[in-house]
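The values are calculated or read from the model by the stated rules, or taken from the named source; none is laboratory data. Quick caveat, the model's predicted, so the values are computed rather than measured. Glycine also receives a Cβ, built like all others from the backbone with ideal geometry; neighbour counts cover every protein chain displayed. With ligands, DNA and RNA removed, areas are computed over all heavy atoms of the protein, side chains included. Shrake-Rupley method; radii C 1.70, N 1.55, O 1.52, S 1.80 Å.
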Amino acid sequence: MSVQAKLTKRERRKLRQQGVLELRPNTKQKQAFKLKNIQPITDNQEIVFEEWNDGQNLLLHGVAGTGKTFLGFYLGLTEVLEGESPYNSITIVRSAVPTRDMGFLPGNLTEKSRAYELPYHAIATELYGRGDAYEILKNRNDVEFITTSHVRGITLNNTIVVVDEIQNMTAHELDSIITRCGSNCRIIFCGDFRQNDLEGQGESSGVKWFMRIISRMSMFSFIEFTNDDIVRSQLVKEYIILKDKHGYS
């Protein structure tokens, strides 16, 4: 038996994240389409990795530019691509909250909802270094995207669920998503209540109510990202710090 085979799943994850261990050769990865190894940059990002490796579900909350969605997508992919993984795919869930220009987009509701997938195209491009990465993942059924409109009545099995922009979801939507989780299902919630697009839509965000419940659940780890965790750019970091300083949050 090889040394790698004797490692626990948590030990393999940590070594893989440190760049010491590659994903197993019997995974879906191929040399021409290979997931980059990502390391945590801030203390809170390090906590995210540690809590995920300990088997926790996650709620990642905090200011823009801290890598919440990026980390959720990446950690989900490492699980799906791991050899002998019980997870077949990542299921990305997002609410199709209308924005100022959404009603003018061509096509039906399904076609319009593709606009909400653009952030995941960008993340996949960065993780794989190629512009068609997201489409490849979708075509291989490694990634599925659904809106909260399509959650009712389904059961999510054998999947990592990444629920993004949770501040744009009502209490009913958040309740519907978490109660869809079936066997071999782990879930990562990402969002920031300060970036709420529901205002003016006649609905109220349920994120604060939801966070109070999740923070008391033993199966969840709640990580709060602050200005110190902003990694998108120095420009973004300086802007958000000054905005907070002058009370415009």
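Taking the stretch 213-227 on its own, how many of its residues are over 20 Å from the mean Cα position of the chain (by Cα) and in a helix (DSSP H, G or I)?
0
Does residue 215 satisfy the condition of being farther than 23 Å from residue 41 by Cα and exposed (fewer than 15 other Cβ atoms within 10 Å of the Cβ)?
Yes.
Output the number of residues of the stretch 172-193 satisfying the condition of being surrounded by fewer than 24 Cβ atoms within 10 Å (Cβ to Cβ), outside any helix (DSSP H, G or I) and among the small types (Gly, Ala, Ser).
2
In contact (Cβ under 8 Å) with a residue 24 or more places away in the chain, within 18 Å of the chain's Cα centre (by Cα) and either more than 18 Å from residue 69 (Cα to Cα) or in a helix (DSSP H, G or I) (or both) - does that describe any residue in the stretch 239-246?
No, the stretch 239-246 has no match at all.
Residues 106, 86, 98: which one is modelled with pLDDT under 95, open to solvent by 40 Å² or more (accessible area, probe 1.4 Å) and closer than 30 Å to residue 8 by Cα?
The unique qualifying residue is 86.
Can you pull out the residues in the stretch 138-172 that are out of contact with any Phe, Trp or Tyr (no Cβ under 8 Å at 6 or more places or on another chain), of a type outside the set (A, V, I, L, M) and closer than 19 Å to residue 60 by Cβ?
Scanning the stretch 138-172 gives 148, 164, 165, 168.
Looking at this structure, is residue 72 in contact with a strand residue (DSSP E or B) (Cβ under 6 Å, 6 or more places away or on another chain) and either modelled with pLDDT of 95 or more or assigned to a loop (DSSP other than H, G, I, E, B) (or both)?
yes
Only one of 160, 178 is touching a residue at least 60 places away in the same chain (Cβ under 8 Å) and either within 25 Å of residue 64 (Cβ to Cβ) or of a type in the set (A, V, I, L, M, F, W, C) (or both). Can you tell me which?
Criteria check complete, one pass: 160.
Step by step: first the residues of the stretch 109-160, then only those that are among the charged types (D, E, K, R) and part of a loop (DSSP other than H, G, I, E, B), then the one that is least open to solvent (accessible area, probe 1.4 Å). Which residue is that?
142
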